[in-house]
1. With viscosity set to 0.890 mPa s at 25 °C, what whole-number translational diffusion coefficient in µm²/s follows for segment 236-355 from Stokes-Einstein and a Kirkwood radius over Cα pairs?
2. Mind checking the full-extension length gain between residue 126 and residue 187? Use 0.36 nm per residue of separation minus the Cα-Cα distance, one decimal, nm.
3. For the chain, how big is Rg over Rh, using alpha carbon atoms and the Kirkwood form of Rh?
4. Could you work out which residue, out of 354, 251, 223, moves most in a Gaussian network model of the chain, that is, has the largest mean-square fluctuation with Cα springs under 10 Å?
5. Within the chain, what percent of beta bridges assigned by DSSP are antiparallel, to the nearest 5?
6. Percent relative contact order of the chain, based on C-alpha pairs within less than 8 angstrom and at least six residues apart?
7. Per-residue counts of other Cβ atoms within 10 Å, averaged by peptide: what ranking do you get for 384-397, 230-243, highest first?
8. Using Cα pairs under 8 angstrom and six or more residues apart, how large is the relative contact order of segment 292-349, in percent?
Ligand code: ADP
Ligand code: ASP
Ligand code: MG
């Protein structure tokens with residue numbers, strides 16, 4: 001079998017753990033499998049590198065920042081190859097550009113356009129275990145790019161798709177995908193099988209166990225993904241095509257996201273073109289707006305509230321203030337201390353009253369809902385950041401996920 005394995009930051013967090021990973025990889029190799037192994041930077045390394053850049057400037061050149069961050073993954077790839085070689089196994093490490101992973105030129109959040117598998121296949125054909133530095137690629141002009149935080153997951157799934165691997169295993173520091181983040185919900189339970197769509201929602205709603213782009217790739221190319229722990233041999237979670245069993249469960253999991261901020265523009269004229277004038281410059285700045293709410297107008301005046309990633313809050317606030325000035329709005333308010341809790345499940349499509357059940361559970365716990373948004377398979381509520389953990393646990397109980 002051809003297997004793509006990915007080991008996350010904690011799994012390669014120090015030399016002993018890298019040796020551990022080497023032993024696991026060697027075991028699969030001994031069983032006769034061909035292996036492509038994608039690694040993340042050692043735990044904390046990406047943040048350390050960002051910190052170094054920030055010691056020099058608040059606004060590092062995106063190209064240089066990517067060149068810097070990519071070294072984290074290159075370090076662990078080389079170390080893992082050395083560990084395998086010192087155990088007598090044939091291993092070669094490749095940086096993203098050497099593995100011919102081509103991306104667009106959106107530094108810091110590049111998207112993979114194409115993978116040229118020639119070199120990878122040559123290495124595999126000569127019997128090598130190929131270690132690929134995750135999270136990175138090369139753009140059309142030869143610059144090093146990175147794929148956004150958590151991007152090594154995407155490298156792994158994209159490689160599995162390109163090589164039509166038999167399996168893609170994501171090794172991490174939890175035993176699989178749980179009904180809520182096990183770090184804040186002790187009663188969370190491991191989910192055996194989850195659909196691509198549910199996993200995509202969970203990832204986009206804050207469950208960082210898989211990067212959303214990796215799940216998009218998995219769904220598009222029908223790659224079955226096995227999320228499991230690098231510290232045990234237990235079966236983890238299979239991320240696969242939806243089946244009828246999954247629809248019987250109304251709510252599959254709870255997600256939370258503290259990485260949100262809220263902006264309100266008060267006293268906005270209610271007339272055509274106003275929303276465009278507010279959101280066009282925000283979009284042009286590359287800021288992704290999540291929820292948007294416009295109140296019913298009274299005497300031609302309304303309020304507009306929306307959320308953005310916390311990292312973009314200051315810039316979005318500035319842009320909103322400029323827009324408010326231009327359109328003659330009253331004032332702009334910002335709040336960084338919010339979070340979003342969500343319930344996700346494909347079974348919601350065919351059940352009524354699920355949202356109401358969520359609102360009741362939060363109300364009973366005295367948690368105030370600031371904003372609401374729904375889709376076919378999720379309901380999200382924006383709440384005070386301080387209520388996050390409590391809300392997750394309460395919803396986990398309310399939908400009997402334990
Ligand atoms: P890695 O470094 O291996 O990529 P990450 O830290 O990116 O690992 O992702 C794993 C983490 O995701 C877990 O430690 C856990 O705290 C978090 N997480 C959030 N939601 C969930 C969930 N529903 N199931 C499992 N883990 C989750
Ligand atoms: N090292 C990168 C990050 O911390 C990519 C990854 O771990 O997947 O986001
Ligand atoms: Mg990750």
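1. This corresponds to a translational diffusion coefficient of 148 µm²/s.
2. 17.2 nm
3. 1.00
4. Taking springs between Cα atoms under 10 Å, the residue moving most is 354.
5. Values: 45 of 73 bridges.
The antiparallel fraction comes to roughly 60 percent.
6. That works out to 14 percent.
7. Per-residue mean Cβ counts within 10 Å order the peptides as 384-397, 230-243.
8. The value is 20 percent.
Coordinate-derived values only; no laboratory data. The model shown is predicted, which means the values in this text are computed figures rather than measured ones. Because the Cβ atoms are built from the backbone with ideal geometry, glycine has one as well, and the counts that use them run over all protein chains shown.
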